[in-house]
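To start, the structure itself, in C-alpha cells.
The values are calculated or read from the model by the stated rules, or taken from the named source; none is laboratory data. Not measured: the values here are computed from a predicted model. When we count neighbours, we look across all protein chains shown, and the Cβ atoms used for this are built from the backbone with ideal geometry, even at glycine.
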Amino acid sequence: MDSEDIALLFMRVMAGLVFSASGVADLKDPDARSKSIELPRAATQLLGAAEVLGGVAVMTGVLIKPAAAGLSLIMGGAIQKKIFVWKTGFWGKDGLGWNYELILTSMLLVILFSDGGSIKPFGVKE
C-alpha cells in the first residue's frame, strides 16, 4: 500500500459520502427535492437510490467502475440542466453554479480510470 492508494481511498470516501448524503436527502423528502430539480417524484427517488448505492459502492470499492460511471452520468445530467435549462453560470448565483458538479465528475473519472486504487475490501478485483 503506497501513498497513491491512500489518496485514492480518501477520494473514494469523500466522493461516496457526498453522493450517499445527497441520495439520503433526496429519499427523505422526494416531493420537495423533485420540485427543486424539476423532475417527477419517481425520477427523484430513483436518482436518490442510485446516489446512495453508487456512493456506497465507490467508498467500498465493490463494483467501483460501474458505480463511478453511473454517478458520472448523473453529474452529466445535472451539469446539462444547470447550463442549458436553468442557464446557470460556472459559479452561478450564490455559488450554485455547475462548478461543484464538475469537481465531483473529475473525482469520479479519476476513480474510474485508476480503478480506485488497490485498497478494497475482501480482495475485490474487477
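Here are a few things to note about the model shown:
- Of the residues making up region 1-52, those that are out of contact with any Pro (no Cβ under 9 Å at 6 or more places or on another chain) and among the charged types (D, E, K, R) are ASP2, GLU4, ASP5, ARG12, ASP26, LYS28, ASP29, ASP31, ARG33, LYS35, GLU38, GLU51.
- Looking across region 18-63, the residues that are outside any helix (DSSP H, G or I) and more than 18 Å from LYS82 (Cβ to Cβ) come down to ASP29, PRO40, GLY61, VAL62, LEU63.
- Every residue from region 91-103 that is more than 18 Å from the chain's Cα centre (by Cα) and either outside any loop (DSSP other than H, G, I, E, B) or modelled with pLDDT of 95 or more (or both): LYS93, ASP94, GLY95
- Residue list for region 1-59, restricted to those being at pLDDT 95 or above, over 15 Å from GLY77 (Cβ atoms) and polar (S, T, N, Q): SER20, GLN45
One line per residue, one yes/no per condition, for (1) closer than 21 Å to VAL52 by Cα; (2) assigned to a helix (DSSP H, G or I); (3) modelled with pLDDT of 95 or more:
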residue	(1), (2), (3)
LYS65	yes, yes, yes
GLY70	yes, yes, yes
ILE74	yes, yes, yes
GLY77	yes, yes, yes
LYS87	no, no, no
THR105	yes, yes, yes
VAL110	yes, yes, yes
GLY116	yes, no, no
ILE119	yes, no, no
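- Residue ID - surrounded by the fewest Cβ atoms within 10 Å (Cβ to Cβ), chosen from residues in region 68-97 that are touching a Ser or Thr at 6+ places or on another chain (Cβ under 6 Å) and free of Cβ contacts under 8 Å to residues at least 24 places away in the same chain: GLY97
- Screening region 2-18 for residues that are touching a residue at least 60 places away in the same chain (Cβ under 8 Å) and under 14 Å from GLU51 (Cβ atoms) and picking the one that is surrounded by the fewest Cβ atoms within 10 Å (Cβ to Cβ) gives VAL18.
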